[in-house]
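The values are calculated or read from the model by the stated rules, or taken from the named source; none is laboratory data. What you see is a predicted model, and the numbers here were worked out from it, not measured in a lab. Every residue, glycine among them, receives a Cβ derived from its backbone with ideal geometry; neighbour counts consider all protein chains shown.
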Amino acid sequence: MNIERFDDRLREYVLLMRLHRPIGLYLLLWPTLWALWLAGNGQPPHGIVLVFVLGVALMRSAGCVMNDIADRNFDPHVARTRDRPLAAGRISLSEAATLAAGLCLAAFGLVLTQNALTVQLSFVGLVLTASYPFMKRFHHFPQFHLGLAFGWGIPMAFAAVTGALPVVAWLLFLGNILWSVIYDTQYAMVDREDDLKIGVKSTAIRFGERDKRIIGYLQLALVGVLALVGVLAGRGWIYYLGLFVAAWFALYQQYLIRNREPAECFKAFLNNNGFGLTIFCALLLDYLPGGQT
């Protein structure tokens, strides 16, 4: 009986951390890996890569738990979220808070293996992660705040590898903010009707009928920023070929959201995993010996 109860609690914790839906992990991981490879000139230290991959997994899980704690009174009224463990009452608030704290402490333990600048930056990352879930109550641009939180691994990666924060780090950080607004607006388009009913704010609501056009402008800006990153980092033709392929993912997303159908908007959101993976593969191949010749 005790074993059954343990299995049940473990399953609920897995659901609470969204480990069964890894798309958020991927969207957080790709820009972190972009930064590590750029900062390490294609050869980031293996130990630092491992720390950041594990840190991404822990902080994404912690962020999901924090989000459900913040939204515990909203989620029961949204079709897509009403069965989440906290919203459905299968997990208590104290359990969720303890889990979030444990995940954050584990992530901080990893950060302590890095240099002082990285440790200092980690406190900013924690504030961004903890405050993001509440932004949808105060303004229509929580997606920008998500970009700050999801992208903070970029300056941390440069700090860990190089001990400095060059211009290319902040430019990549800007690119991630643009990308986060793109994919999280697509995500918010899925819940727009429910969010309007319960008073939750989002860029999908703020953009209104201009949503597809604004997403398109942001996609153009993102490709432009990533191209400039390539110039400043001295990247070769493989990187730009990858960027060209990634641009087609963006075009396909425009096709998917053309009628604003929730299921298709969700597909567009998921399609961003391909965008991020393509950029990383392009960097990986471009840094191989002979990749720029």
- Task: Tell me which residues, restricted to segment 1-18, are at pLDDT below 85 and in a loop (DSSP other than H, G, I, E, B).
- Result: MET1
- Do we have any residue at all in segment 3-16 that's surrounded by 13 or more Cβ atoms within 10 Å (Cβ to Cβ), in contact (Cβ under 8 Å) with a residue 60 or more places away in the chain, in contact with a Phe, Trp or Tyr (Cβ under 8 Å, 6 or more places away or on another chain) and closer than 30 Å to LYS197 by Cα? no
- Note on the structure: Counting only residues in segment 66-86 that are polar (S, T, N, Q) and assigned to a loop (DSSP other than H, G, I, E, B), the one farthest from ARG192 (Cα to Cα) is identified as ASN73
- Task: Scan segment 157-206 residue by residue and report those that are within 20 Å of PHE134 (Cα to Cα) and of a type in the set (Phe, Trp, Tyr).
- Result: TYR183, TYR187
- Message: Quick check on segment 62-90: of everything there that is aliphatic (A, V, I, L, M) and under 20 Å from LEU10 (Cα atoms), which residue is farthest from the chain's Cα centre (by Cα)?
- Response: ALA88
- Of the residues in segment 196-222, those that are crowded, with 16+ Cβ neighbours inside 10 Å, out of contact with any Leu (no Cβ under 7 Å at 6 or more places or on another chain) and β-branched (Val, Ile, Thr) come to VAL200, THR203, ILE214, ILE215
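Every residue, every condition in (1) among the basic types (Lys, Arg); (2) under 30 Å from THR113 (Cα atoms), yes or no:
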| site | (1), (2) |
| --- | --- |
| GLY153 | no, yes |
| MET156 | no, yes |
| LEU171 | no, yes |
| ARG192 | yes, no |
| THR203 | no, no |
| TYR239 | no, no |
| TYR255 | no, no |
- Filter segment 119-146 for residues that are surrounded by fewer than 14 Cβ atoms within 10 Å (Cβ to Cβ) and touching a residue at least 40 places away in the same chain (Cβ under 8 Å) and give the result. ARG137, PHE138, HIS139
- Right, LEU36: touching a Pro at 6+ places or on another chain (Cβ under 9 Å), modelled with pLDDT under 90, part of a helix (DSSP H, G or I) and surrounded by 13 or more Cβ atoms within 10 Å (Cβ to Cβ) or not? no
- Does any residue of segment 47-63 turn out to be at pLDDT below 90, out of contact with any Asp or Glu (no Cβ under 8 Å at 6 or more places or on another chain) and of a type outside the set (A, V, I, L, M)? yes
- For segment 213-239, how many residues are touching a helix residue (DSSP H, G or I) at 6+ places or on another chain (Cβ under 7 Å) and more than 19 Å from ASN176 (Cβ to Cβ)? 2
- Query: Is at least one residue of segment 89-98 surrounded by fewer than 21 Cβ atoms within 10 Å (Cβ to Cβ), at positive phi and free of Cβ contacts under 8 Å to residues at least 24 places away in the same chain?
  - Reply: yes
- Note on the structure: Across segment 271-293, the tally of residues that are more than 16 Å from ASN41 (Cα to Cα), crowded, with 18+ Cβ neighbours inside 10 Å and in contact (Cβ under 8 Å) with a residue 40 or more places away in the chain stands at 4
- Query: Restricting attention to segment 57-64, does a residue exist that is farther than 23 Å from LEU28 by Cβ and not acidic (Asp, Glu)?
  - Reply: no
